[in-house]
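Here's the structure, in structure tokens; my notes come after.
The values are calculated or read from the model by the stated rules, or taken from the named source; none is laboratory data. Computed from a predicted structure; not experimentally measured. With ideal geometry, Cβ positions are generated from the backbone for all residues, glycine too; neighbour counts draw on all protein chains shown. Just so you know, the surface numbers come from the protein's heavy atoms only, side chains and all, with ligands and any DNA or RNA stripped out. Shrake-Rupley method; radii C 1.70, N 1.55, O 1.52, S 1.80 Å.
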Amino acid sequence: QVQLVESGGGLVQAGGSLRLSCAASGIIFSYSVMGWYRQAPGKQRVLVATITSGGGTNYVDSLKGRFTISRDNAKNMVYLQMNSLKPEDTAVYYCNAKDVRFFGDGSWGQGTQVTVSS
């Protein structure tokens with residue numbers, strides 16, 4: 001019933017920008033911490049950023065300043081604005097929803113591919 005659908009990925013040149021979107025359904029959005037994660041080929045899935053329902057954000061230090069996470073609680077949407085993209089940003093990007101009332105790792109979207117060319 002929980003569904004997270006990412007969009008906005010694609011091919012972009014180094015230095016360019018993309019905005020990823022995640023549409024959430026089947027969850028109580030106001031109880032959910034939303035996050036973006038990424039997984040490069042042959043690598044572990046890692047955290048990019050999270051945002052609480054109140055707008056508090058957390059970023060990986062290496063990405064802070066280039067990436068911005070935001071959410072629209074009225075539309076059950078979460079976004080990731082990615083600027084100054086580098087080839088090492090190439091990965092599948094995943095949306096995550098974690099209900100703060102329950103223990104667990106939450107739900108995942110199917111992912112969207114971001115490829116940054118040099």
- Query: Given +1 on the Cβ of Lys and Arg, -1 on the Cβ of Asp and Glu, and no further charges, what dipole in debye does the chain carry about its Cα centre, rounded to the nearest 20?
  - Reply: 80
- Please state, to two decimals, what the Cα-based radius of gyration of the chain comes to when divided by 2.2 N^0.38 Å (N = residues). 1.00
- Heads up, I need the accessible area for Lys86: 1.4 angstrom probe, whole protein in place, Å², nearest 10. 90
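Below 11 angstrom from the Cβ of Val92, what's the summed charge of the other residues (Lys, Arg +1; Asp, Glu -1)? Don't skip to the answer; put the middle values down first.
On the way: positive: Arg38, Lys43, Arg45; negative: Glu6.
Surrounding charge for Val92 is +2.
Using a Förster distance of 22 Å, how high is the FRET efficiency between Val2 and Lys75, based on the Cβ-Cβ distance and rounded to 0.05? All intermediate terms of the calculation are to be shown ahead of the outcome.
Numbers: r = 17 Å, r/R0 = 0.77.
That gives a FRET efficiency of 0.85.
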- Using Cα pairs under 8 angstrom and six or more residues apart, how large is the relative contact order of the chain, in percent? 36
- Pull out the extension gain between Val46 and Arg19, defined as 0.36 nm times the separation in residues minus the alpha carbon to alpha carbon distance; nm, one decimal. 7.9 nm
- Quick one: what are the phi-derived ³J(HN,Hα) couplings along the stretch 12-28, Karplus 6.51/-1.76/1.60 with θ = phi - 60°, whole Hz, x for glycine and proline? 9, 6, 3, x, x, 10, 9, 10, 8, 10, 9, 9, 10, 9, x, 10, 8
- Message: Between Asn58 and Phe103, what is the label-point separation in nm under the 7 Å Cα-to-beta-carbon projection?
- Response: 1.8
